[in-house]
Amino acid sequence: QVQLVESGGGLVQAGGSLRLSCAASGSVFRINTMGWYRQAPGKQRELVATISSAGSTNYADSVKGRFTISRDNAKNTLYLQMNSLKPEDTAVYYCYANRAYYKDNYWGQGTQVTVSS
């Protein structure tokens, strides 16, 4: 089992920045891909960015050039640096972790990000 706890959300003005963190605990040894997803009111959950255990990254087109995903494997922590935030980035952001060996996935409880215009 893996536990994921997000932090760093909040209210920010358009153009501002936030840094989200996701601390993983439990059976973290075989975590492979980690990522961030978000869900806005009335919309489906969507991919924001993912990062493999080797550091390969993937971003949604809507955040490319503005968001940066990173991970510190020694600290079992995932990050999302969000710059040039827009009102349409407002959503609950969820941390995700995959363990391919065990074929299971885990989600955090989510952290609210609100961008005012």
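Taking the criterion of being touching a residue at least 24 places away in the same chain (Cβ under 8 Å) and open to solvent by 10 Å² or more (accessible area, probe 1.4 Å), the only residue of the range 52-67 that qualifies is S62.
The residues of the range 100-117 that are touching a Lys or Arg at 6+ places or on another chain (Cβ under 7 Å) and either without any contact (Cβ under 8 Å) to a residue 24 or more places away in the chain or open to solvent by 50 Å² or more (accessible area, probe 1.4 Å) (or both), listed by number, are Y101, Y102. Taking the criterion of being of a type outside the set (K, R) and either out of contact with any Ser or Thr (no Cβ under 9 Å at 6 or more places or on another chain) or open to solvent by 50 Å² or more (accessible area, probe 1.4 Å) (or both), the residues of the range 68-83 that qualify are T68, D72, N73, A74, N76, Q81, N83. With respect to the conditions (1) charged (D, E, K, R); (2) at positive phi; (3) under 14 Å from the mean Cα position of the chain (by Cα), D72 falls short on a single one, namely (2). Listed by first and then second residue, the pairs with beta-carbon distance under 6 Å, at least 6 apart or on different chains, first residue in the range 1-24 and closer than 30 Å to S117 by Cβ, second modelled with pLDDT under 95, are A14/S117. Residues in the range 16-46 that are in a strand (DSSP E or B) and either aromatic (F, W, Y) or open to solvent by 60 Å² or more (accessible area, probe 1.4 Å) (or both) were compared, and the one that is nearest to T90 (Cα to Cα) is Q39.
The values are calculated or read from the model by the stated rules, or taken from the named source; none is laboratory data. Since the model is a prediction, treat every value here as computed from it, not as a measurement. Don't worry about glycine lacking a Cβ; one is built from the backbone with ideal geometry, like all the others, and counts go over all protein chains shown. Side chains are part of the model used for accessible areas, which takes the heavy atoms of the whole protein and leaves out ligands, DNA and RNA. Shrake-Rupley method; radii C 1.70, N 1.55, O 1.52, S 1.80 Å.
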